[in-house]
Amino acid sequence: MQLAELALGSIISKFKSLRNVGYETFTKLFRSGVQPILEYSSGVWGFHKAIDIDKIQNRAIRYFLGLHKFAPNIALNSEMGWVSPSFNRYICMLRLWNRLMLKPDTELCKKLFLVDYNLSDKNWSSEIKKICNDLQIETVYENKTVCDLAYVKDGVKELMLKDWRENVVKKPKLRTYVTFKNNVDVEPYVKHCNLRQNRSIMAQIRCGILPIRLETGRFCRLPVDNRLCELCNLGKVEDEFHFMMECSLYQGERERLFNALNVDIRDDNKEEVFKDLFRNNWREVILYLKYIWKKRQDKLFK
Ligand SMILES: [Zn+2]
């Protein structure tokens, strides 16, 4: 694990010196420099829970997105479109399975495998069986055949999505996030915005950790209903929606944004427009966020 941390550290320091390198490069560096260390021999042990490995992948994503350590982990992989390490190891295990299936029964490793397979109780084979069940490819296990890894990769993504949907709704910080995000695919702003500072403000508001009143009130355990906006007198909770769509302090900036997007805001379409901002208009939204965030900080602290 230390080795992986060192590898990640050296990639991050390369990034610091290069500055503002994009998603593809970062992903490639992680996949070629860190992931092989994290997955070393995982065809054999991949079914174990390995929290330390998740931590390293999460740390890499937090660095890339410019998020602090209290960012909800479950949103990290879904912003980057990366498969979570535990699901990725399913693929490593089935790759080893395929290699074994192609070996003649006379080879020592195949003989050992057959002993394991015939036992199939709390061992490697029983874990493979479980994975095949999860991926609905039971016949691969039963008939001892090679599986199609492309199909497995799609299946793993499906499993990850199912798991993500079950768990993302349990995080209070992500109550807004779940209204506009419903998949685990990489987000356009992550892929195309090369300025880390810009990615950061977008990632923070999406992941519910931009320090507006809703978030800072959490630090002093203020009940949610009392986390009111201090920048206008509408008497509303300063959540992401109020900050971006309602607060009168940013009326001018908001009008400019919606004029540029050619969107007519009414009370009955406000919520849909808000979700749409995150889904389709990342460039404009990042600029808008930077303006209004600066205005907020100036008003509060200058
Ligand atoms: Zn306000």
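Bear in mind that the values in this text are calculations on the coordinates, not laboratory data. Being a predicted model, the structure only gives us computed values, none of them experimental. Cβ placement follows ideal geometry from the backbone for every residue including glycine, while neighbour counts extend to all protein chains displayed.
Return yes or no: is residue 93 touching a Gly at 6+ places or on another chain (Cβ under 6 Å) and within 28 Å of residue 183 (Cα to Cα)?
Judged against the criteria, residue 93 is a match.
A single member of 187, 246 is closer than 21 Å to residue 280 by Cβ, within 16 Å of the ligand (Cβ to nearest atom) and of a type in the set (D, E, K, R), and it is 246. Every listed requirement among (1) of a type outside the set (Val, Ile, Thr); (2) within 16 Å of the ligand (Cβ to nearest atom); (3) exposed (fewer than 15 other Cβ atoms within 10 Å of the Cβ) is met by residue 266 save one, (2). Summed over region 85-139, the residues that are part of a loop (DSSP other than H, G, I, E, B) and touching a residue at least 12 places away in the same chain (Cβ under 8 Å) give a count of 4.
Summed over region 189-217, residues that are in a helix (DSSP H, G or I), without any contact (Cβ under 8 Å) to a residue 12 or more places away in the chain and either surrounded by fewer than 17 Cβ atoms within 10 Å (Cβ to Cβ) or among the basic types (Lys, Arg) (or both) total 1. Look through region 219-231, keep the residues that are closer than 23 Å to residue 179 by Cα and surrounded by fewer than 19 Cβ atoms within 10 Å (Cβ to Cβ), and return whichever of them is nearest to the ligand (Cβ to nearest atom). Checking each candidate, the answer is 228.
Determine if region 232-239 includes at least one residue that is within 13 Å of the ligand (Cβ to nearest atom), free of Cβ contacts under 8 Å to residues at least 60 places away in the same chain, assigned to a helix (DSSP H, G or I) and under 29 Å from the mean Cα position of the chain (by Cα). No, every residue in region 232-239 fails to be within 13 Å of the ligand (Cβ to nearest atom), free of Cβ contacts under 8 Å to residues at least 60 places away in the same chain, assigned to a helix (DSSP H, G or I) and under 29 Å from the mean Cα position of the chain (by Cα). Count of region 61-73 residues, restricted to those that are in contact (Cβ under 8 Å) with a residue 24 or more places away in the chain and either surrounded by fewer than 23 Cβ atoms within 10 Å (Cβ to Cβ) or touching a strand residue (DSSP E or B) at 6+ places or on another chain (Cβ under 7 Å) (or both), is 7.
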